[in-house]
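To start, the structure itself, in structure tokens.
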């Protein structure tokens, strides 16, 4: 299952006075990349180059942005592919006055991007059973207090005369439901729903 950035992830590397500032960020549509790229450039207005790569739904693109050929764009794309990440990575390079040579330059770009993805903040899309419920407040409090114990989550909660919500679980909730003392007849047939869960390091 492909991983996706849950937020903008930052990384940095420094080599012989040059600084490399990376961001790995979520991308819902390739058409959104240009605006995100320009926003990144505005956050780093004094950088010399801004190579990038993105991967989404089988669409890939990369650019060295003026750096020597294949020192940044292709290695960054390979990094996304190797880690099965769907999203984008951009690195701002601040030249420190010393030429690094192609191998060292490539490692510096990759090091900044690797730091960004190594600190957490990646998620996976998982399919869960989704129980659409309408319960009284007492039942809601029972469900809320037992969520961590039985490994389910409550989403889209609406408080009204009763409480409307989705209970999302990776497994059948029948047995925990009965253990909580709730009448099994109130448990509807589940739907399925794709959810994004953060990958625990």
Looking at the range 44-54, which of its residues are surrounded by 11 or more Cβ atoms within 10 Å (Cβ to Cβ) and not in a strand (DSSP E or B)?
44, 47, 48, 50, 51
Index of the failed condition, residue 110 passing every other in (1) closer than 30 Å to residue 47 by Cα; (2) touching a residue at least 60 places away in the same chain (Cβ under 8 Å); (3) surrounded by 15 or more Cβ atoms within 10 Å (Cβ to Cβ):
(2)
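Only one of 66, 17, 57 is in contact with a strand residue (DSSP E or B) (Cβ under 6 Å, 6 or more places away or on another chain), at pLDDT below 95, at positive phi and surrounded by fewer than 22 Cβ atoms within 10 Å (Cβ to Cβ). Can you tell me which?
66
Quick one: in the range 167-188, of everything that is more than 24 Å from residue 3 (Cα to Cα) and either touching a residue at least 60 places away in the same chain (Cβ under 8 Å) or within 30 Å of the chain's Cα centre (by Cα) (or both), which residue is surrounded by the fewest Cβ atoms within 10 Å (Cβ to Cβ)?
Checking each candidate, the answer is 172.
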Among (1) under 17 Å from the mean Cα position of the chain (by Cα); (2) assigned to a loop (DSSP other than H, G, I, E, B), residue 90 falls short only on (2)
Touching a strand residue (DSSP E or B) at 6+ places or on another chain (Cβ under 8 Å), over 27 Å from residue 28 (Cα atoms) and outside the structural domain of residue 7 (by TED's automatic domain parsing): does that describe residue 130?
no
The listed residue being touching a residue at least 40 places away in the same chain (Cβ under 8 Å), more than 30 Å from residue 194 (Cβ to Cβ) and touching a strand residue (DSSP E or B) at 6+ places or on another chain (Cβ under 9 Å), out of 84, 48
48
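The values are calculated or read from the model by the stated rules, or taken from the named source; none is laboratory data. As the structure is a prediction and not an experimental result, all values here were calculated from the model. Virtual Cβ from ideal backbone geometry, glycine too; neighbours counted across all protein chains shown.
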